[in-house]
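S.K.: Could you have a look at this structure, given as structure tokens, before my questions?
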Amino acid sequence: MKIFLVGMMGSGKSTLAKMISKVLSIPYLDMDEEIEARENKTIKEIFEKNGESYFRDLESSLLKSLVKQPDSVVVATGGGVVLRPDNRELLKKETTIYLKVSPQELKKRVSPNNRPLLSNNIDNIFTIYDERINLYEMFESVDITYLNEWEAVAKILQKVDYKKNLSIDSSFQKIYIEAGSLKNIPKNAIVFTSEKVDSLYGEFFTEKKLVFPNGEEVKDIVYVTKAWEYLLENNVTRKDLLCGVGGGTITDFTGFVGSTYKRGMNFIFYPTTLLGQIDAAIGGKNGIDFKKYKNVIGIINLPNEVIIDPITTLSLDDIRFREGLIEGFKISLISGGEFYTFFKNHLYDLLNRNLDTLTWFIKRSVEEKLRIVQQDFKDTGLRSYLNLGHSLGHAFEAVTGIAHGLSVGWGLYQELMYSKNKKHIDDRTLYDIISILDVLLPSSIKNIKVEKHALLSYLSNDKKMEGSNIIKLPILKAPGKVIIEDIDYHELVNALF
């Protein structure tokens with residue numbers, strides 16, 4: 001695979017090419033840097049001593065050699081590579097992406113240093129932009145003006161022919177991992193999505209869409225009513241298709257609405273967050289919040305399909321991405337064996353968002369969760385293993401408002417300390433697990449202190465309590481070895497705080 005990034009100076013070609021290189025595990029090359037290394041001169045010195053025409057000859061020669069080479073590479077081209085017709089013809093035959101950034105934004109980003117065409121006048125960037133814009137727009141375009149770097153990488157890779165389809169071996173729930181599948185949402189479907197997801201991927205959705213606020217706010221009866229009204233007003237039948245495209249809040253919400261509208265209609269999930277892909281969209285739990293209590297109103301009902309596009313996880317900010325890794329780490333602790341070993345050995349590949357590693361991680365997380373869920377669909381026993389870190393984590397989330405995945409990480413840490421106090425887990429195993437959790441969970445979260453009465457108040461109303469003081473707490477004795485103990489939640493909290 002060869003990918004060429006074109007665009008104005010300051011559009012981020014070099015930075016994004018390096019990131020894509022790590023994500024795809026293919027080499028990176030910056031054409032300007034390569035020319036400087038070969039000539040042992042800066043671009044500015046080449047222009048001053050040899051002239052622009054000489055530089056363009058070097059640029060064209062390098063481009064021809066890159067196109068001819070058989071190996072994969074992601075290339076950050078020079079801003080003026082599109083000026084010569086021969087170069088444009090070569091680039092049209094390759095995967096070439098134009099990184100579109102407004103000239104006003106480019107002016108903020110660019111320094112005149114080593115930019116001979118600016119002639120120490122930053123306003124010249126507007127003239128250069130006007131001269132080249134038609135040439136750039138000959139290629140596939142991605143507007144990254146208002147995107148951060150990871151969002152830009154995800155948008156670029158949606159334009160690239162990256163193939164990575166993995167099958168999930170399960171007769172219980174239909175789940176598919178298909179890179180780029182977000183582009184193939186059925187044209188006749190109704191789409192429920194969030195503002196953030198719509199801003200990134202709205203070009204792939206049909207006009208029949210309803211856009212909701214970001215985050216947990218959507219899981220409220222007010223928005224459920226709005227969704228029911230929308231479906232009724234548009235004469236939607238049970239046989240029509242409803243697609244939930246977004247993170248876990250959107251898939252939870254869509255599943256609840258789809259399960260209750262006309263006693264149940266066809267619905268499928270396109271989870272776009274890592275946490276959503278390996279947790280919320282898997283297993284059939286759909287629900288909304290009430291009186292600050294998460295998922296206290298809901299239904300267990302499987303979607304027709306879950307279609308996972310791993311590319312979408314690249315767009316997540318660091319906190320959202322770590323949320324998914326923490327959930328997957330929890331699942332690897334329950335699974336043990338090769339999955340836990342894989343997580344330990346590839347922790348930093350996952351943090352760097354290597355797409356091959358990430359895709360395999362998603363597959364194993366989903367398969368392990370399905371293995372548990374299909375043995376206990378109605379959540380009466382074995383499925384409680386998946387609550388590892390969640391009993392205290394949900395309480396922490398309700399009290400602090402901190403993101404769900406990070407709260408689960410906090411809860412996991414506290415429950416591990418409880419296991420240590422009760423001598424359920426040996427020190428060496430505990431150290432091994434905590435050393436990984438310390439990388440995943442920011443210390444600023446782990447060290448937050450919460451008032452005991454606040455935790456006790458939440459736990460007394462937790463839907464898992466079933467009217468008693470007893471909580472069924474998963475106890476991790478070692479990776480792959482979990483037991484469930486009935487524990488008075490007062491005793492749990494008092495033992496830790």
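Read-outs throughout are calculated quantities, based only on the coordinates presented, and are distinct from any laboratory measurement. Quick caveat, the model's predicted, so the values are computed rather than measured. Heads up, the Cβs are rebuilt from the backbone with ideal geometry, glycines too, and the neighbour counts pull from every protein chain shown.
S.K.: Rg(Cα) of the range 245-304 divided by 2.2 N^0.38 Å?
M.R.: So the Cα radius of gyration is 1.02 times the expected 2.2 N^0.38 Å.
S.K.: Let me ask you something else. I'm checking a number: the convex hull volume of the Cα atoms of the range 2-158, normalised per residue, in Å³. What is it?
M.R.: Residue-normalised Cα hull volume stands at 106 Å³.
S.K.: Tell me, what ³J(HN,Hα) does each residue in the range 244-251 have, in order and in whole Hz, if you take phi through Karplus 6.51 cos²θ - 1.76 cosθ + 1.60 with θ = phi - 60° and put x for Gly and Pro?
M.R.: x, 10, x, x, x, 5, 5, 5
S.K.: Additional query: Give, in whole angstrom and from largest to smallest, the semi-axes √(5λ) of the equivalent ellipsoid of the range 89-227, with λ running over the eigenvalues of the Cα gyration tensor.
M.R.: Values for the range 89-227, descending: 38, 22, 14 Å.
S.K.: Which of the peptides 201-207, 147-153 is most tightly packed, and how do the rest follow, going by the mean number of other Cβ atoms within 10 Å of each residue? Numbers along the way, then the final one.
M.R.: On the way: 201-207: 14.6, 147-153: 18.9.
Taking the mean over residues of other Cβ atoms within 10 Å, the ranking is 147-153, 201-207.
S.K.: Would you work out which of Thr95, Asn184, Gly255 lies farthest towards the positive end of the dipole of the chain? Charges go on Cβ: Lys and Arg +1, Asp and Glu -1.
M.R.: Most positive-ward Cα: Gly255.
S.K.: Students often check this: by mean Cβ neighbours within 10 Å, which of 416-424, 443-451, 96-104 ranks highest, and how do the rest follow?
M.R.: Ranked from most to least packed, the peptides come out as 96-104, 416-424, 443-451.
S.K.: Under a crude label model (7 Å from the Cα following the beta-carbon direction), how far is Phe377 from Phe497 in nanometres?
M.R.: 3.8 nm
S.K.: So, one more: Roughly what % antiparallel, to the nearest 5, for the DSSP beta bridges in the range 165-316?
M.R.: 30 percent
S.K.: Where does each of 309-318, 86-95, 274-283 land if you order them by average Cβ count within 10 Å, highest first? Can you show the working numbers first?
M.R.: Details: 309-318: 22.1, 86-95: 14.9, 274-283: 28.7.
Output ranking for 309-318, 86-95, 274-283: 274-283, 309-318, 86-95.
S.K.: In Å and on Cα atoms, what radius of gyration and Dmax does the range 422-497 show?
M.R.: Radius of gyration, then largest Cα-Cα span, for the range 422-497: 14.3, 37 Å.
S.K.: Sticking with this structure for a sec: Would you please report the Å³ per residue occupied by the convex hull of the alpha carbon atoms in the range 325-442?
M.R.: Here the figure is 118 Å³ per residue.
S.K.: Any chance you could list the semi-axes, whole Å, largest first, of the equivalent ellipsoid that the Cα gyration tensor gives for the range 128-178, using √(5λ)?
M.R.: 37, 13, 7
S.K.: Quick one: helix 404-421 against the long Cα principal axis of the chain, what's the angle to the nearest 10°, folded into 0 to 90?
M.R.: That works out to roughly 50 degrees.
S.K.: Calculate the dipole size of the range 358-496 relative to its Cα centre from +1 charges on Lys and Arg beta carbons and -1 charges on Asp and Glu beta carbons; express the result in debye to the nearest 20.
M.R.: 280 debye
S.K.: Return the inverse of the average 1/r over all pairs of distinct C-alpha atoms in the chain, which is the Kirkwood hydrodynamic radius, in Å to one decimal.
M.R.: When all Cα pairs of the chain are included, the Kirkwood radius is 24.9 Å.
S.K.: Which value, in debye to the nearest 20, describes the size of the charge dipole of the chain about its Cα centre when Lys and Arg Cβ atoms bear +1, Asp and Glu Cβ atoms bear -1, and nothing else is charged?
M.R.: The dipole of the chain has a size of about 740 debye.
S.K.: Taking a spot 7 Å from the Cα of Lys108 along the direction of its beta carbon, which residues of the range 138-178 have an amide N less than 11 Å from it?
M.R.: It comes to 145-147, nothing else.
S.K.: D for the range 165-316, whole µm²/s, Stokes-Einstein with Kirkwood Rh over alpha-carbon pairs at 25 °C and 0.890 mPa s: what number?
M.R.: 162 µm²/s
S.K.: Alpha carbon centre of the range 246-290 versus the range 142-166: separation in Å?
M.R.: 25 Å
S.K.: Mind checking the full-extension length gain between Ser119 and Arg38? Use 0.36 nm per residue of separation minus the Cα-Cα distance, one decimal, nm.
M.R.: Roughly 26.7 nm would be gained on extension.
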